[in-house]
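The values are calculated or read from the model by the stated rules, or taken from the named source; none is laboratory data. These numbers come from a predicted model, not from an experiment. So basically every Cβ, Gly included, is an ideal-geometry build from the backbone, and we count neighbours across all protein chains shown. Protein only, heavy atoms only, side chains kept; ligands, DNA and RNA dropped before computing areas. Shrake-Rupley method; radii C 1.70, N 1.55, O 1.52, S 1.80 Å.
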There are 2 protein chains.
Amino acid sequence: MPTKPKILKASSVAKSRLFEVEALSLRFSNGVERIYERLTSRGHGAVMVIPVTADGQILLINEYAAGIHDYQLTLPKGLVDPGETALEAANRELMEEVGFGARNLDHLKTMTTSPSYMGHKIDVIVATDLYPKRLPGDEPEELEVVPYPIDQLTDLIVEDHFAEARVIAALLLWLQQRQS
Amino acid sequence: MPTKPKILKASSVAKSRLFEVEALSLRFSNGVERIYERLTSRGHGAVMVIPVTADGQILLINEYAAGIHDYQLTLPKGLVDPGETALEAANRELMEEVGFGARNLDHLKTMTTSPSYMGHKIDVIVATDLYPKRLPGDEPEELEVVPYPIDQLTDLIVEDHFAEARVIAALLLWLQQRQS
């Protein structure tokens with residue numbers, strides 16, 4: 001691995017309720033200096049859940065996404081609360097967003113979202129042996145749950161409207177692991 | 001599809017050189033009102049390139065990522081310049097970051113990165129029929145190019161250090177399309 005650039009200075013340059021931007025003064029190992037900006041990581045991480053039913057379906061949700069100002073078919077996900085493990089957070093989000101708990105939770109992969117600009121990581125958890133269980137969440141409206149047959153997932157993933165990289169990566173990784 | 005929430009007000013609440021945060025006052029179709037924050041989309045989009053050599057390798061790069069303050073093995077990518085098409089931007093980035101041009105460029109998929117918080121989209125372009133061609137880029141240091149055998153990609157993707165969701169999604173989608 002190359003030698004990492006040295007961080008000469010890090011300072012907060014913009015801040016809102018959810019986001020904070022940090023400017024990094026960097027000196028690369030060849031002596032070149034640059035100022036990079038990145039989003040500061042706060043919180044305790046995030047989880048994304050692949051809920052698998054006994055009859056061969058994935059439980060997707062149809063959720064409003066402000067960044068694209070539209071609804072999108074996606075996997076349940078959310079932030080890890082203080083004191084929670086990733087598996088506990090995954091089960092809570094599943095209960096809040098889908099109305100199921102899982103007796104079995106397996107860690108599939110930890111993924112980064114846009115590592116040049118943020119340290120944000122998300123743990124992908126596979127939830128199986130599901131049972132009905134609803135917890136109240138903080139969503140402004142009830143989420144539509146969309147059961148999707150596993151054997152049709154590869155067709156869904158290539159459709160234009162199904163575009164979220166983390167969800168595509170998680171489902172293809174899981175399908176690949178399942179086949180091997 | 002459900003009825004989209006109405007945007008009652010949108011205002012810029014934080015701004016830096018690269019980032020701008022927008023607060024959206026929303027009224028959901030059930031009457032519930034919430035304030036969401038998202039990163040404002042600027043620019044003309046972004047591209048990620050899968051460079052495929054005639055002898056069965058993918059050309060990865062080892063690049064410093066400020067968000068995680070570490071080097072990572074990734075695909076060449078960058079912003080689309082004003083007046084460029086996505087295919088033109090892909091070829092330019094390939095010349096700048098990898099030192100090759102492509103006689104053949106195919107659009108694979110348009111992906112979103114974190115649609116709840118940003119409108120950012122990236123076009124994945126497959127580059128084949130490569131020839132040596134170097135253009136000067138704006139990188140602070142020369143990027144290490146890492147040729148990787150296609151038949152070992154599925155092993156690489158499950159490794160812990162190979163974590164970027166967009167890169168995993170792009171490579172698995174391409175491998176899947178190639179097999180079918």
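Taking a 29 Å limit on the Cα-Cα distance, which of the listed pairs A:15/A:133; A:6/A:121; A:15/A:77; A:15/B:109; B:4/B:77 fall beyond it?
From the list (A:15/A:133; A:6/A:121; A:15/A:77; A:15/B:109; B:4/B:77), the Cα-Cα distance tops 29 Å for A:15/A:133; A:15/B:109; B:4/B:77.
Using +1 at the Cβ of each Lys and Arg and -1 at the Cβ of each Asp and Glu in chain A, identify which of A:169, A:148, A:130 lies farthest towards the dipole's positive end.
The listed residue farthest towards the positive side: A:169.
For Cα pairs less than 8 Å apart in space and 6+ apart in sequence, what is the mean separation divided by the residue count of chain A, i.e. the relative contact order in percent?
Relative contact order for chain A comes out at 20 percent.
Return the long-range amide H neighbours of residue B:45 (sequence gap of 5 or more, or a different chain), with a cut-off of under 5 Å between placed amide H atoms.
Those qualifying (amide H under 5 Å, at least 5 residues apart or on another chain) are B:80.
Net charge near residue A:129: determine it from the other residues with C-beta under 13 Å of the C-beta of residue A:129, scoring Lys and Arg +1 and Asp and Glu -1.
0
Take every DSSP beta bridge whose two residues both sit in chain A, then give the antiparallel share in percent to the nearest 5.
The answer is about 85 percent antiparallel.
So what's the angle, to the nearest 10 degrees on a 0 to 90 scale, between helix B:86-97 and the longest Cα principal axis of chain B?
60
Tell me: how much accessible area in total is hidden between A and B, 1.4 Å probe, Å², nearest 100?
That pair hides around 5900 Å² of surface in total.
Placing +1 at every Lys and Arg Cβ and -1 at every Asp and Glu Cβ, with all other atoms neutral, what dipole size does the protein assembly as shown have around its Cα centre, in debye to the nearest 20?
920
Work out the mean other chain Cβ neighbour count within 10 Å for the residues of A:140-152 and drop it here as an integer.
Per residue, the average neighbour count from other chains is 2.
With each run of n ≥ 4 DSSP H residues scored as -39500 (n - 2.57), what mean residue ellipticity at 222 nm is computed for the protein assembly as shown after dividing by its residue count and rounding to the nearest 500 deg cm²/dmol?
Rounded to the nearest 500, the figure is -5500 deg cm²/dmol.
Between the helical axis of B:165-179 and the dominant principal axis of chain B, each derived from Cα atoms, what acute angle in degrees is found, rounded to the nearest 10?
The helix B:165-179 is inclined about 60 degrees to chain B.
State whether chain B is rounded, prolate or oblate according to the following rule on the C-alpha gyration tensor (a ≥ b ≥ c being the square roots of its eigenvalues): a/c under 1.5 gives rounded; otherwise a/b larger than b/c gives prolate, and the remaining case gives oblate.
In terms of gyration-tensor shape, prolate.
Can you list the residues, at least 5 places off or on another chain, whose amide H is less than 5 Å from the amide H of residue A:117, using H built in the peptide plane?
So residue A:117 has HN proximity to B:67.
Between the stretch B:150-180 and the stretch A:107-158, how many Å separate their Cα centres?
Value for the Cα centre distance between the two parts: 19 Å.
Report, by chain and number, residues whose modeled amide H sits under 5 Å from the one on residue B:144, excluding near sequence neighbours (fewer than 5 apart, same chain).
B:62
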